[in-house]
Amino acid sequence: MVRGERVIAWWPNEKDWWYAGVICESAPDEIEVQYDDCNRATLKGNQVRPFNIGVGSRVYVRWRGGESYYPGRVGMVDGNAFFVQYDDGDEEWSSVSAMRFHQADF
């Protein structure tokens with residue numbers, strides 16, 4: 001993994017949740033990630049994964065940018081926009097900055 005690479009990374013304050021970000025620095029034992037919300041964390045290599053989110057990916061998204069996350073799947077991708085089909089039948093276009101990913105879904 002190299003500086004500037006788009007990734008999803010574990011967030012240390014939330015046991016099982018991962019968020020989108022970019023690698024700031026990469027060393028053999030540590031990777032510094034800046035998340036889309038501008039927070040940063042220094043992580044081990046197994047706590048960072050390539051950004052491979054696409055059609056069919058399981059996601060948890062803030063419906064209409066609100067505070068709560070709801071489960072769904074990516075139905076379409078158009079550049080940086082993701083069409084989310086929620087488990088309850090709702091749908092919307094969203095951005096990865098409104099998403100998080102559960103470790104159990106990897």
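Bear in mind these aren't lab numbers, they're just calculated from the coordinates by the rules spelled out. Treat the numbers as computed from the prediction; the structure is a model and nothing was measured. We place every Cβ from the backbone using ideal geometry, glycine too, and count neighbours over all the protein chains shown.
For the reader, a short list of remarks on this structure follows.
- Segment 6-50 shape via C-alpha gyration tensor axes, a/c threshold 1.5: oblate
- The chain: radius of gyration over Cα atoms, expressed as a fraction of 2.2 N^0.38 Å: 1.05
- Highest-fluctuation residue, 70, 60, 19 considered, GNM on the chain with Cα pairs under 10 Å: 70
- Neighbour-count ranking [beta-carbon atoms within 10 angstrom, fewest first] of 82, 101, 51, 106: 106, 51, 101, 82
- Student exercise, segment 6-50 dipole from Lys, Arg, Asp, Glu Cβ charges, in Debye to nearest 20: 120
- The chain: relative contact order in percent, alpha carbon pairs under 8 Å with at least 6 residues between: 22
- Charge dipole of the chain about the Cα centre (unit charges at C-beta), most positive-ward option of 63, 20, 42: 42
- Only Lys, Arg, Asp and Glu carry charge here, each on its Cβ (+1 for the first two, -1 for the last two); on that basis the chain has a dipole of about 180 debye about its Cα centre.
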